[in-house]
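Each value in this text was obtained by applying a stated rule to the coordinates, not by laboratory testing. Because the structure is a prediction, the values reported are computed rather than measured. Because the Cβ atoms are built from the backbone with ideal geometry, glycine has one as well, and the counts that use them run over all protein chains shown.
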Amino acid sequence: MATSITRPDPDESCAYCQSPIFDHEPVCVRDCTDDCGSPVHFCNYACLSVYIEENDLAVGDACEWSPDGEGCC
């Protein structure tokens, strides 16, 4: 799945806290299960983490691991 990378606007704000992303350590995320649409920007990993938790985005999206199993995916 090919995507193009473009630098966000200088005044781009965080999808979670609305702070300017370039005032911090920006993180860019794309939903590539849905045609790799427009990126969503977060000012740091903490905002991304809270956003994931609050929106239950990790539920059902992780592999299950067992020390007795053959592997994850």
**Message:** For segment 9-57, take the convex hull of the Cα atoms, compute a quarter of its surface area, and give me that in nm², please.
**Reply:** 3.4 nm²
**Item:** Which of His41, His24 has the fewest Cβ neighbours within 10 Å, and the rest in rising order
**Value:** His24, His41
